[in-house]
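Chemist: Let me begin by handing over the structure; questions about it come next.
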Amino acid sequence: MKIGRVIGSLVACVAYEGLEGVPFLWVQPLSPRGEDRGRPIVCADSTRMAGPGERIYYESSREAALALDPWFVPVDDAIVGIIDGIHLTPLAESAGEPRGETR
Amino acid sequence: MIVGRVIGEIYSTINHPIFDRRKLLVVEKLAPGGRAPDDYLVAIDAVDAGVGQTVLVIDEGNSARQVLSAPNAPTRSVIVGIIDAIDIPGAADPARAREGSSPPSSPPVSAAEKTTAAREHAGKGRKARSR
């Protein structure tokens, strides 16, 4: 799973069978520290509650389809949860530096 | 499987039911030399791991569903082990570096010494577990 931020929604009037009514959201992948990582992707929203501006975590590939009902549908990525908070250690702020005591 | 270090926790109330009462951890992937390549995973914790620990993570759907005993779980990443020591002759041990036991300024340790130290370290871990 990866972390992302919802930046918008999209509507597909014609969708493959099984995907009717599934919300699709435009998601910008993020690093754990909140920086943008790569290009935005489209995710199916299995929570049906995510909205623009929210941080979410999403799963990719076959497991993304398992989040939906019916599950055997053609999706690449699916939002599986909305993030309330991320608690990172101070260590995480200095990624790539020599490691010290972490607790 | 992937070696990584837990760098944080994620809190979430609205999620797929499979994540209810399960701990989600942010895991930074590690390279054999201990330096982090700029990549991470969000993984479900199956072994009660904590922040700062070096862990073993699977990133494959069938194994994840088997570990979670959930045949339809929409997840691939599960933490399945806590690493005590890694022994690669000639390379720094990422699992030991976190304890601050070998600061960058310390004199270089020979491969043989390091191997012995790693075994002792692993031994301690096992004893602690068995108690």
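The values are calculated or read from the model by the stated rules, or taken from the named source; none is laboratory data. Remember, it's a predicted structure, so these values are computed and weren't measured experimentally. All accessible areas refer to the heavy atoms of the entire protein, side chains included, with ligands and DNA or RNA removed. Shrake-Rupley method; radii C 1.70, N 1.55, O 1.52, S 1.80 Å.
Chemist: Which whole-Hz couplings ³J(HN,Hα) result when phi for each residue of the range A:17-27 is put into the Karplus expression 6.51 cos²θ - 1.76 cosθ + 1.60, θ = phi - 60°, listed in order with x for Gly and Pro?
Modeler: After applying 6.51 cos²θ - 1.76 cosθ + 1.60, I find 4, x, 9, 5, x, 7, x, 10, 10, 8, 10 Hz.
Chemist: Once phi is turned into θ = phi - 60°, what whole-Hz ³J(HN,Hα) does the Karplus curve with 6.51, -1.76 and 1.60 give for every residue of the range B:68-76, x standing for Gly and Pro?
Modeler: Each residue's phi maps through the Karplus curve to give 7, 6, 9, x, 10, 5, x, 8, 10 Hz.
Chemist: Given Cα pairs under 8 Å that are at least 6 residues apart, what percent is the relative contact order of chain A?
Modeler: Relative contact order for chain A comes out at 26 percent.
Chemist: What figure, in Å² to the nearest 10, do you get for the accessible area of residue A:41 with a 1.4 Å probe and non-protein molecules left out?
Modeler: Only protein atoms counted, so the area is about 40 Å².
Chemist: Under a 5 Å amide H to amide H cut-off, with H placed in plane at 1.01 Å, what residues pair with residue B:81 once short-range neighbours are removed?
Modeler: B:56
Chemist: Could you please put A:72, B:19 in sequence from largest to smallest accessible area, using a 1.4 Å probe?
Modeler: On the way: A:72 175, B:19 5 Å².
Putting A:72, B:19 in descending order of accessible area: A:72, B:19.
Chemist: Calculate, for chain A, the solvent-accessible area per residue in square angstrom, rolling a 1.4 angstrom probe over the heavy atoms of the protein chains.
Modeler: Values: 5320 Å² over 103 residues.
I get 52 Å² per residue for chain A.
Chemist: Could you please put B:16, A:87 in sequence from largest to smallest accessible area, using a 1.4 Å probe?
Modeler: Accessible-area ranking of B:16, A:87, largest first: A:87, B:16.
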